[in-house]
Amino acid sequence: MMTEAYFEPLGTDDGWEVFRATPHTVSAWGPDLQHGSPPSAVLTRAMDRLERSTGTRIARVTVDLLGPVPLGEVRTRARVVRPGRRIQLLESELEAAGRIVARASAWRMAIGDTVDVEQSADRPRELPEVGLNSDFFDRWTSGYIDSLEIRGSDDGVVWVRPVLPLVEGEEMTPAERVMSVADIANGVGAVLEPDEWRFLNTDLITHLHRRPVGEWIGVTADASIGPDGVGATSGTLYDEVGAIGHTLQALLVERA
């Protein structure tokens, strides 16, 4: 019976946390590959759960996908690269079959009271009670995409909520929840047909100026394609209160 989570915990081994990546992580680019979101989230988990002082949170996560991330056994480890009371730099690695397949870094910052000057350049978006049809995700499915509850809206926002935990038996932290879906910006902003073109993102940079509230994350995105096989996608992330952050992704564009 398949584990109803993205990752099944298998214990620890010499400083690594060991997991089994389930078929719920499968990418639309191939049946033996993980979508970018589950690896991004499990790398964030490793950093977010490092020992820390109270009154800090992750403000930015950068994920570099160094190659295809396979299903099956994977392992993570994390460390504090730059310790500090107010600002810390964290790093994590994801290993599969004896090689590092992805790396991440994060800035963890002290939090304080700035309610009186809180602001955002992006207007709030409303979560629809019933989702409109999302043609892109209707045409392109996978184990990962099928694990999401998806609602489209008439203002271009795709709202998503994972129906599975990241790791079996755990509740996701706010940072993990965002990173479990942020990589879909590449699909939300797609301007090319996936049956004619491959547009693989090699990274995911996510800045969070506010921690998300609730389970739903809204995503808007726009892609730009250059003349030489390189593109980029920029996105905005929302919760039901308003904007929470932004994403950037570099794209390798090839004919299918």
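Odds and ends about this structure:
- Highest average first, the peptides 208-218, 226-236, 29-39 ordered by how many other beta carbon atoms sit within 10 Å of their residues are 29-39, 208-218, 226-236.
- Taken about its Cα centre, the chain carries a charge dipole of about 1040 debye when Lys and Arg each add +1 at the Cβ and Asp and Glu each add -1 at the Cβ.
- Helical mean residue ellipticity (222 nm; -39500 (n - 2.57) per DSSP H run of 4+; nearest 500) of the chain: -2500 deg cm²/dmol
- Derived scalar couplings ³J(HN,Hα) [segment 102-107; Karplus, 6.51 cos²θ - 1.76 cosθ + 1.60; whole Hz; x for Gly, Pro]: 7, 10, 9, 9, 8, 9
- Rounded percent of accessible protein surface that carbon and sulfur make up, the chain, 1.4 Å probe: 49
- Relative contact order [Cα under 8 Å, 6+ residues apart], the chain, whole percent: 20
- Per residue solvent-accessible surface (Å²) - segment 1-125, probe of 1.4 Å: 52
- Its relative contact order, with pairs defined as Cα atoms under 8 Å and 6+ residues apart, puts segment 37-137 at 29 percent.
- Computed from backbone phi with θ = phi - 60° and the Karplus coefficients 6.51, -1.76 and 1.60, the 3J(HN,Hα) list for segment 170-181 is 10, 8, 6, 6, x, 5, 4, 4, 4, 6, 6, 10 Hz; x is used for glycine and proline.
- For a paramagnetic label modelled on GLU168 (point 7 Å from Cα along Cα→Cβ), amide N atoms under 13 Å away belong, within segment 1-24, to 1-11, 19-24.
- Note on ALA232/ARG52: beta-carbon distance plugged into 1/(1 + (r/R0)^6) with R0 of 30 Å gives a FRET efficiency of 0.40.
- Size of segment 24-147 as Cα extents on the principal axes (Å, biggest first): 45, 45, 19
- The alpha carbons of segment 63-115 give a radius of gyration and a Dmax of 14.6, 47 Å, in that order.
- Alpha carbon centroid spacing (whole Å) that separates segment 105-120 from segment 208-256: 21
- Furthest towards positive pole of dipole, LEU164, SER105, LEU251, structure part the chain, Cβ charges: SER105
- Taking the empirical scaling 2.2 N^0.38 Å for compact globular proteins as reference, segment 103-187 has a Cα radius of gyration ratio of 1.33.
- Database remark: amide H of THR56 closer than 5 angstrom to the amide H of ILE111 (H placed geometrically; neighbours at sequence offset of 5 or more, or on other chains; Pro and chain starts carry no H).
- Residues whose amide H falls under 5 Å from that of VAL69, counting only those 5 or more places apart or on a different chain, are GLN34, with hydrogens built in the peptide plane.
- For q = 0.08, 0.17 Å⁻¹, Debye-computed log10 I/I(0) when each Cα of the chain counts as one equal scatterer: -0.29, -1.40
The values are calculated or read from the model by the stated rules, or taken from the named source; none is laboratory data. Since the structure is predicted, the reported quantities are computational estimates derived from the model, not experimental observations. Cβ atoms come from the backbone with ideal geometry, glycine included; neighbour counts cover every protein chain shown. Side chains are part of the model used for accessible areas, which takes the heavy atoms of the whole protein and leaves out ligands, DNA and RNA. Shrake-Rupley method; radii C 1.70, N 1.55, O 1.52, S 1.80 Å.
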